[in-house]
Amino acid sequence: MARIFRVASEAFATSGFSGTSLNQIARDACCSKAIIHRYFGRKEDLYRQTLNTNYAELSRRETVQSFPAASSVEEMLQVILKDLFAFNQENPSFARLVAWENLAGAKYLKVGEARAAREPGLRKLRSLLDDAKRRGLVRSDLNVDHFVYALQALTVVYFSNRHTMEKLTGIRFGSRTTMEEFIAFYASILSKGIAKEKDRP
């Protein structure tokens, strides 16, 4: 079943829901459509499961909950961004899956299922930022939900646009060194925007 799921994830990431057929998935996974139906249901069910499994894995990978209290906002943001970059690097289909679903207007996403998969990770991020507020590290007027969205957006765009931007700029976006530089850069500029004035780098 793991093979079917891997093949389906890559197919949906490459061609989206409409451009992918169960016949194609069955052929590439060396199984029958009947097997796919038995274990995953309809194409819509399999597609949603690929999305939700990615969301759940991202939530699981976010280790900020076990991270001790950061001494600075910039340090805290580096920890968050390292988790987000590591997940996207190891799951290259994620940015493409999300892009396809957004192009479809989130037509196939079941809100309850998707939120259940993603909420644990978002809760960790909100908790860390709320704690930074209480400790006086972060501006009291920070909208935590907006900032969490900004973190996610910066990270996903880095991976979804890196191929075109690499050709336009010559920057090697796939290299570990470049990723580390961007993590440090993002953490630096974002911390200037949310840190209390006395704590800004």
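General observations
- Cα long-axis angle, helix 73-90 against the chain (0 to 90 degrees, to the nearest 10): 10
- Charge tally in the Cβ shell below 11 Å around PHE40, where Lys, Arg are +1 and Asp, Glu are -1, PHE40 excluded: +3
- Neighbour counts of C-beta atoms inside 10 Å place VAL138, VAL156 in the sequence VAL156, VAL138, starting with the fewest.
- Sites matching trypsin sites (Lys or Arg not before Pro) across the stretch 70-114 that sit in DSSP coil, with at most 16 neighbouring C-beta atoms within 10 Å: LYS107, LYS110
- Summing +1 for each Lys or Arg and -1 for each Asp or Glu among the other residues whose beta-carbon sits under 14 angstrom from that of GLU62 gives +3.
- Residue exposure sequence - MET76, MET179, MET1 - by fewest surrounding Cβ within 10 Å: MET1, MET179, MET76
- Pairs beyond 24 Å (Cα-Cα), from LYS82/LYS107; LYS82/LYS124; LYS82/LYS110; LYS124/LYS196; LYS133/LYS192; LYS43/LYS110: LYS82/LYS107; LYS82/LYS110
- Once the Cα atoms are used to define both axes, helix 93-103 deviates from the longest principal axis of the chain by about 80 degrees.
- Option label - Cα Rg over 2.2 N^0.38 Å computed here, alternatives (1) 1.02; (2) 1.15; (3) 0.93: (2)
- Within the stretch 126-201, the trypsin sites (Lys or Arg not before Pro) that combine a DSSP coil assignment with at most 14 other C-beta atoms in a 10 angstrom radius are ARG135, ARG172.
- Between helix 111-134 and the chain: long-axis angle, C-alpha atoms, 0 to 90°, nearest 10: 10
- Taking all Cα pairs closer than 8 Å and separated by 6 or more residues, the relative contact order of the stretch 2-199 comes to 26 percent.
- Over the stretch 130-185, the pair-distance histogram of Cα-Cα distances with 10 Å bins from zero comes to 20, 38, 24, 17, 1 percent, rounded to whole numbers.
- Close amide H pairs (under 5 Å, H built 1.01 Å from N) link VAL138 with LYS133, LYS196, residues at least 5 positions away or on another chain.
- Selection of trypsin sites (Lys or Arg not before Pro), the stretch 18-52, meeting DSSP coil and at most 11 other Cβ within 10 Å: ARG42
Here, each number is a calculation from the coordinates, and none is a lab measurement. As the structure is a prediction and not an experimental result, all values here were calculated from the model. So basically every Cβ, Gly included, is an ideal-geometry build from the backbone, and we count neighbours across all protein chains shown.
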